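Structure, as structure tokens:
The values are calculated or read from the model by the stated rules, or taken from the named source; none is laboratory data. What you see is a predicted model, and the numbers here were worked out from it, not measured in a lab. Positions of Cβ are backbone-derived with ideal geometry, glycine not excepted, and every protein chain shown enters the neighbour counts.
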Amino acid sequence: MHTILKKYFGYDAYREGQESIIEQIVSGQDALIIMPTGGGKSICYQVPAMMLEGVTVVISPLIALMKDQVEALLQNGIPATFLNSSITAQEMRTRLEGISQGEYKLVYIAPEALMTSQFTRLSRHLNIQLVAVDEAHCISQWGHDFRPSYKNISEWIDQLGKRPIIAAFTATATKEVREDILELLKLRDPFVKISGVKRENLIYKVIRPTKKYDYLKEWFEKVPKEHTGIIYCATRKTVESLTDKLKKEGYSVAAYHAGMSTEARNKTQDAFMLDKKQIIVATNAFGMGIDKPDVRFVIHYNMPKNMEAYYQEAGRAGRDGEESECLLMYDASDIVKQKLLIAQGTNDPIRYRMMLSNLQALVQYCHTSACLNGEIMRYFGEPDPETQCGYCGNCLDTSELIDETLTSQKLLSCVYRVGQRYGMNLVIDVLRGSKAQRIIDWKLNEVSTYGILKEKSVQELKDLTMFLIAEGYLSITTDEFPVLKLNALSQEILKGQRTVMMKQSQRHVSSSKSKKT
Ligand code: ADP
């Protein structure tokens with residue numbers, strides 16, 4: 001094992017965990033390996049591939065990565081090839097012929113290509129000892145990156161002459177996803193290894209600036225020019241407008257989203273890999289499979305759709321183990337936007353509820369005053385989550401707790417008085433005693449809560465409303481125009497059975513006096 005590591009990969013020692021995984025796989029046991037991005041999963045199937053007879057098939061959804069991995073293996077003297085839609089029919093035939101002649105130790109294949117008649121026919125006669133399923137969470141509908149083609153894997157394995165060892169790898173998997181992987185890949189008595197979701201070198205922060213863009217610019221003033229990183233946005237439109245703005249300010253920046261041509265996307269990707277651009281502004285289309293070790297920051301300009309997606313995207317920072325920052329910026333509209341996307345994205349009520357609750361976990365992460373590392377560890381089911389990592393934005397935040405019970409009661413009672421029929425902006429208008437035409441027209445200036453919080457700013461009331469929603473103290477519908485509704489916890493607050501405590505820093509910060517920078 002050590003000779004192979006040194007001879008082919010040039011490393012002196014295995015990282016923690018790698019050795020036992022390799023031993024289990026080589027001894028013939030199925031495996032489910034959950035290891036953080038950058039943890040070193042590839043070695044865990046590449047070394048067994050060299051130790052076992054015959055060929056190892058690696059199933060990967062990442063066409064770009066496949067090519068890189070195969071090139072790296074070839075450079076190390078390991079015979080490998082890949083099959084996917086990027087190669088010509090002629091090249092495909094040549095490679096299939098090579099595979100049937102036993103020329104390769106590793107064959108990377110896209111899941112869509114598994115069930116092509118040529119490959120299925122060929123694979124029945126091959127001596128396939130190991131099937132490594134990379135990014136195995138893609139098999140689960142509950143995962144953040146479901147790929148229907150992953151469902152082919154089991155069917156393909158079933159028709160092989162002899163059942164190979166199956167090893168599944170992923171960076172993130174909640175309990176549901178883990179169960180799906182075990183079931184859908186039909187793993188037999190697998191060796192399961194969940195190794196630390198905690199990334200010691202990542203500094204997580206959550207921030208709710210009044211003006212995101214100003215905050216961002218100020219943040220960049222402290223970032224050395226040689227530090228490269230990614231800014232994720234929720235939509236292509238935001239990617240484009242933010243890229244333009246930063247470009248005009250003289251930043252070294254390029255955009256990436258799925259609406260761009262392949263050529264333009266490749267150009268951005270290359271510029272990033274070669275450090276020719278400092279900042280990539282992108283949708284979530286960017287990053288999967290991009291193995292740049294020295295990404296120093298990952299900023300989310302909008303809130304992503306759930307905790308898994310966040311962990312995965314933020315996890316692209318600091319693969320080299322050096323200190324890196326993961327900054328999540330969000331505001332109320334991000335949550336509303338994500339809820340709408342969820343509502344539009346599915347008709348299945350079970351899936352809808354699941355996705356909403358996944359989003360809710362991230363909303364809570366945004367609002368919590370607890371250790372952010374601990375929140376992530378708890379979410380991913382680590383048995384012993386952190387209580388105080390001492391270096392995340394929240395652990396470093398020393399702002400005081402403020403009792404907002406009375407203001408909350410006024411706000412909730414206004415929601416009740418206007419008949420639980422309106423959204424946040426209108427309720428705030430009523431509370432502040434606005435003379436807007438619609439308030440007068442709808443006689444909302446006659447309700448008893450009209451003007452009872454006129455001393456508060458719109459922003460303060462928005463912060464409080466969002467906080468109440470995030471804590472589950474107030475409900476919001478997922479319609480196109482979301483409506484505020486009271487729930488059981490709202491009633492408890494109204495009856496004085498529950499207090500509302502909010503950290504000073506959970507209010508909006510204007511860019512220059514942020515506590516959470
Ligand atoms: P993952 O697939 O888990 O995200 P990789 O397999 O790409 O991670 O490994 C991340 C980085 O760590 C790669 O650059 C890889 O070469 C390196 N690496 C993996 N194992 C070792 C090891 N035992 N010693 C040194 N470097 C390693």
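Against the numbered list (1) in a helix (DSSP H, G or I); (2) polar (S, T, N, Q); (3) over 30 Å from Lys267 (Cβ atoms), Gln69 comes up short only at (3). Within segment 224-241, is there a residue that is of a type outside the set (Val, Ile, Thr), in contact (Cβ under 8 Å) with a residue 40 or more places away in the chain, part of a helix (DSSP H, G or I) and surrounded by fewer than 21 Cβ atoms within 10 Å (Cβ to Cβ)? Scanning segment 224-241 turns up at least one residue that is of a type outside the set (Val, Ile, Thr), in contact (Cβ under 8 Å) with a residue 40 or more places away in the chain, part of a helix (DSSP H, G or I) and surrounded by fewer than 21 Cβ atoms within 10 Å (Cβ to Cβ).
When restricted to residues that are more than 15 Å from the ligand (Cβ to nearest atom) and over 27 Å from Val177 (Cα atoms), segment 288-300 contains 2. Within segment 270-285, the presence of at least one residue that is among the small types (Gly, Ala, Ser), farther than 24 Å from Phe467 by Cβ and surrounded by fewer than 22 Cβ atoms within 10 Å (Cβ to Cβ) is confirmed.
Quick grid of which residues meet (1) within 19 Å of Leu242 (Cβ to Cβ); (2) not hydrophobic (A, V, I, L, M, F, W, C):
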site	(1), (2)
Leu274	no, no
Lys277	yes, yes
Asp291	no, yes
Tyr301	yes, yes
Gln312	no, yes
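Of all the listed residues (Asp403, Asp397, Asp334), the sole one being over 30 Å from Ile440 (Cβ atoms) and surrounded by fewer than 16 Cβ atoms within 10 Å (Cβ to Cβ) is Asp403. Residues in segment 111-144 that are closer than 21 Å to Lys162 by Cα and aliphatic (A, V, I, L, M): Ala113, Leu114, Met115, Leu122, Leu126, Ile128, Leu130, Val131, Ala132, Val133. Residues in segment 32-77 that are more than 26 Å from the chain's Cα centre (by Cα), within 13 Å of the ligand (Cβ to nearest atom), in contact (Cβ under 8 Å) with a residue 12 or more places away in the chain and over 17 Å from Glu19 (Cβ atoms): Leu73, Asn76. Of all the residues in segment 316-340, those that are outside any helix (DSSP H, G or I) and of a type in the set (Lys, Arg) number 2. Glu19 fulfils the conditions (1) away from the ligand (no atom under 12 Å from the Cβ); (2) closer than 27 Å to Asn201 by Cβ; (3) charged (D, E, K, R) except for a single criterion, (1).
Checking each residue in segment 369-396 for being over 18 Å from Ala314 (Cα atoms) and at pLDDT below 85 picks out Ser369, Ala370, Gly381, Glu382, Pro383, Asp384, Pro385.
Look at (1) away from the ligand (no atom under 13 Å from the Cβ); (2) touching a helix residue (DSSP H, G or I) at 6+ places or on another chain (Cβ under 7 Å); (3) among the aliphatic types (A, V, I, L, M); (4) closer than 12 Å to Tyr108 by Cβ and you find that Val26 fails only one, number (4). Taking residues in segment 1-17 that are under 15 Å from Asn76 (Cβ atoms), and partners anywhere that are near the ligand (Cβ under 10 Å from one of its atoms) and acidic (Asp, Glu), the pairs with Cβ atoms closer than 7 Å and at least 6 places apart or on different chains are Lys6/Asp12. Within segment 87-143, if we keep just the residues that are within 26 Å of Ala168 (Cβ to Cβ) and acidic (Asp, Glu), the residue that is farthest from the ligand (Cβ to nearest atom) turns out to be Glu112. Taking Asp397, is it assigned to a helix (DSSP H, G or I), under 34 Å from the mean Cα position of the chain (by Cα) and of a type in the set (Asp, Glu)? For Asp397, the condition - assigned to a helix (DSSP H, G or I), under 34 Å from the mean Cα position of the chain (by Cα) and of a type in the set (Asp, Glu) - is not met.
Per this entry, Asn445 is counted among residues that are over 29 Å from Arg353 (Cβ atoms), at pLDDT 95 or above and polar (S, T, N, Q). When segment 286-297 is filtered for residues that are crowded, with 22+ Cβ neighbours inside 10 Å and within 29 Å of Arg353 (Cβ to Cβ), only Gly287 remains. Just checking, does segment 341-363 include any residue being in a loop (DSSP other than H, G, I, E, B), surrounded by 18 or more Cβ atoms within 10 Å (Cβ to Cβ) and β-branched (Val, Ile, Thr)? Scanning segment 341-363, I find no residue that is in a loop (DSSP other than H, G, I, E, B), surrounded by 18 or more Cβ atoms within 10 Å (Cβ to Cβ) and β-branched (Val, Ile, Thr), so the answer is no. With respect to (1) out of contact with any strand residue (DSSP E or B) (no Cβ under 8 Å at 6 or more places or on another chain); (2) of a type in the set (Ser, Thr, Tyr); (3) surrounded by fewer than 17 Cβ atoms within 10 Å (Cβ to Cβ); (4) under 25 Å from Arg319 (Cα atoms), the lone exception for Thr174 is condition (3). Would you check if there is a residue in segment 30-38 being of a type outside the set (Lys, Arg), out of contact with any Lys or Arg (no Cβ under 8 Å at 6 or more places or on another chain) and surrounded by fewer than 20 Cβ atoms within 10 Å (Cβ to Cβ)? No: segment 30-38 contains no residue that is of a type outside the set (Lys, Arg), out of contact with any Lys or Arg (no Cβ under 8 Å at 6 or more places or on another chain) and surrounded by fewer than 20 Cβ atoms within 10 Å (Cβ to Cβ). For the criterion of being more than 16 Å from the ligand (Cβ to nearest atom), at pLDDT 95 or above and either part of a loop (DSSP other than H, G, I, E, B) or in contact with a His (Cβ under 7 Å, 6 or more places away or on another chain) (or both), Met303 fails.
Okay, residues lined up against (1) at pLDDT 90 or above; (2) within 16 Å of the ligand (Cβ to nearest atom):
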position	(1), (2)
Ile153	yes, no
Phe169	yes, yes
Val177	no, no
Phe191	yes, no
Ile194	no, yes
Leu202	yes, yes
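Would segment 436-455 turn up any residue that is assigned to a loop (DSSP other than H, G, I, E, B), under 38 Å from the mean Cα position of the chain (by Cα) and among the basic types (Lys, Arg)? The answer is no, given that none of the residues of segment 436-455 is assigned to a loop (DSSP other than H, G, I, E, B), under 38 Å from the mean Cα position of the chain (by Cα) and among the basic types (Lys, Arg).
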